[in-house]
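Beneath this line is the structure, given in structure tokens, with notes to follow.
The values are calculated or read from the model by the stated rules, or taken from the named source; none is laboratory data. Just so you know, these numbers come straight off a predicted model, no measurement behind them. Glycine also receives a Cβ, built like all others from the backbone with ideal geometry; neighbour counts cover every protein chain displayed.
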Amino acid sequence: MTKELFIQAILKMIAGVVIIGGLLFVPAGSANYWQGWLFLAVLFIPMFVAGIIMMFKNQDLLKKRLNAKEEQTEQKLVVLFSALMFIASFVVAGLNFRYQWIILPTWAIVLATIVFLLAYLLYAEVIRENEFLSRTIEVQENQKVVDTGLYGIVRHPMYMATLLLFGAMPWVLGSPISFIIMLIYIPIITKRIKNEEQVLKEGLQGYSDYCEKIRYRIIPFIY
């Protein structure tokens, strides 16, 4: 375990808590926004546990997950629009709490939290199955096509997991209006996938055959 990698991971997580917390609680105008605290807990506690596991089991994978700098112009735009989407969604969630635009029953928030955590488990399984899983679109040295497990069902199980995560997120925060904003993720991820597949087909041996074998990208029998 390297000290630099550990510090980098901890600082990024702390920065995430501070930034997201600010985007939620400042518009909410109160620290009593319990859905905000719930969201921070279900988002960052599993993330911290996963980071510790990767720190001891697979530091190379952790480095890839910490690296979010895209090299391609198309993907830089995707990252920008995604960031704007999240900012808008979090701010609106805080405002929804402050002005009580829409009040969800507690059972709906609990159900959304369960879906969120199940999606997190799905995400963790994808990371376990694919050691080449980077946050940026690239072909890595000695990379191989993974076609087993979840990758034997859809080509992009990570995006399947994030679709569930981001879909559940606004409901955990008690903000259906934020869910409408999060629907922007659908065209964003569609564009990212098309570019990613183009890069992999050009640079990763066997990926074109994999695409012929596995027909669906994210949702079986649908897309």
>> Looking at 115, 145, can you tell me which residue is of a type in the set (Val, Ile, Thr) and in a loop (DSSP other than H, G, I, E, B)?
In response: 145
> Would you say residue 62 is closer than 25 Å to residue 191 by Cβ and modelled with pLDDT under 95?
Replying inline: no
>> So if I check each of 132, 166, 179, which one is surrounded by 17 or more Cβ atoms within 10 Å (Cβ to Cβ), in contact (Cβ under 8 Å) with a residue 12 or more places away in the chain, not polar (S, T, N, Q) and not in a helix (DSSP H, G or I)?
In response: 132
>> I'd like the residue in the range 77-119 that is surrounded by fewer than 20 Cβ atoms within 10 Å (Cβ to Cβ) and of a type in the set (Ser, Thr, Tyr) and, out of all such residues, is modelled with the lowest pLDDT.
In response: 82
> Out of all the residues in the range 20-36, is one or more out of contact with any helix residue (DSSP H, G or I) (no Cβ under 9 Å at 6 or more places or on another chain), in a helix (DSSP H, G or I), under 24 Å from residue 106 (Cβ atoms) and among the aliphatic types (A, V, I, L, M)?
Replying inline: no
>> Every residue in the range 160-174 that is among the hydrophobic types (A, V, I, L, M, F, W, C) and over 11 Å from residue 104 (Cα atoms), please.
In response: 160, 161, 163, 164, 165, 166, 168, 169
> Within the range 23-47, how many residues are surrounded by 13 or more Cβ atoms within 10 Å (Cβ to Cβ) and farther than 21 Å from residue 103 by Cβ?
Replying inline: 4
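Per-residue answers, yes or no, for (1) under 18 Å from residue 119 (Cβ atoms); (2) touching a Gly at 6+ places or on another chain (Cβ under 7 Å):
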residue: 31; (1), (2): no, no
residue: 35; (1), (2): yes, yes
residue: 42; (1), (2): yes, no
residue: 49; (1), (2): yes, no
residue: 54; (1), (2): no, no
residue: 60; (1), (2): no, no
>> Testing residue 222 on (1) assigned to a helix (DSSP H, G or I); (2) among the aliphatic types (A, V, I, L, M); (3) surrounded by fewer than 17 Cβ atoms within 10 Å (Cβ to Cβ), one condition comes back false. Which one is that?
In response: (1)
